[in-house]
Amino acid sequence: MYSTIKMLHSYWAYLVLVILVITAFNALFKLLGKKEYTAKDFRLALFTLIVSHIQLLIALILYFVSPMFDLWGEMGGEVMKTASVRLYLVEHPFVNILAIALITIGYSKHKKKLTSAPKFKMIAICYLIALVLFLSRIPWDVWPN
Ligand code: HEM
C-alpha cells in the first residue's frame, strides 16, 4: 500500500508540474500578447485544478501511511528542529496545500472575470506563485528519481 501510494505521488508530481508550467506560461504570454481567451485556455486552467486536487488526495493518504508519520510519535517537537524530517512532515505538506489553495482561488476568481486580460492575469499570477511554492519544497535530494 505505502510503496504504491508513494510511487503514484512521485509520478503524479510530474503531471502536476508539467501542466502547471504550460497553463501558467500560456496565460502569461497571452496576457502580454493581448490575446483572446478561448475554451482551450479554460480547459487548461480546469485540468490543472483537477490534477493538483488529485495530487492532494493522494498526498493526504501518503502522509498518514508513510513510516515518516510515526516520527511525530517518536520525535515529538524534535521534528521541527530536524530539517530533513521537518521538510516532509511540515513544510512540504503545508506549502503545497497553500499552493493548491492558490490554484483553486485563481481558478474560481478567473471564471468570474468578463474579459480576456483579467482572466489571463488572474491565472498567470496565482498559478506562477503556486509553481514557485511547489518547486520550493520538492525533496530535490530524492526526486526526480
Ligand atoms: C501538488 C503538490 C505536491 C507535489 C508536486 C508533491 C511532490 C512530492 C515528491 C516529488 C515527493 C518525493 C517522492 C519520492 O521520494 O520519490 C513527495 C514526497 C512526499 N509528499 Fe508530496 N507533493 C505534493 C503535495 C503533498 C502534500 C499536500 C502532502 C501532504 C499532505 C505531501 C506529502 C508527501 C510525503 C509525506 C512525502 C514523503 C513520502 C515518503 O517518502 O514516505 N505531498 N511529494
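The values are calculated or read from the model by the stated rules, or taken from the named source; none is laboratory data. Computed from a predicted model, the values in this text were never measured in an experiment. A quick note on method: Cβ atoms are made from the backbone with ideal geometry, for glycine too, and the neighbour counts reach across all protein chains shown. Note: accessible area is taken over every heavy atom of the protein model, side chains too, but ligands, DNA and RNA are not part of it. Shrake-Rupley method; radii C 1.70, N 1.55, O 1.52, S 1.80 Å.
Residue 36 meets each of the listed conditions (1) part of a loop (DSSP other than H, G, I, E, B); (2) closer than 24 Å to residue 10 by Cα apart from (2). The set of residues in segment 92-128 being farther than 17 Å from residue 43 by Cβ, more than 16 Å from the ligand (Cβ to nearest atom) and β-branched (Val, Ile, Thr) consists of 115, 125.
Restricting segment 1-52 to residues that are small (Gly, Ala, Ser) and surrounded by fewer than 15 Cβ atoms within 10 Å (Cβ to Cβ), the residue that is nearest to residue 125 (Cα to Cα) is 33. Scan segment 98-115 for residues that are open to solvent by less than 80 Å² (accessible area, probe 1.4 Å) and touching a Leu at 6+ places or on another chain (Cβ under 8 Å) and the total you get is 6. Of everything in segment 44-91 that is among the hydroxyl-bearing types (Ser, Thr, Tyr) and more than 10 Å from the ligand (Cβ to nearest atom), the residue that is nearest to residue 30 (Cα to Cα) is 48.
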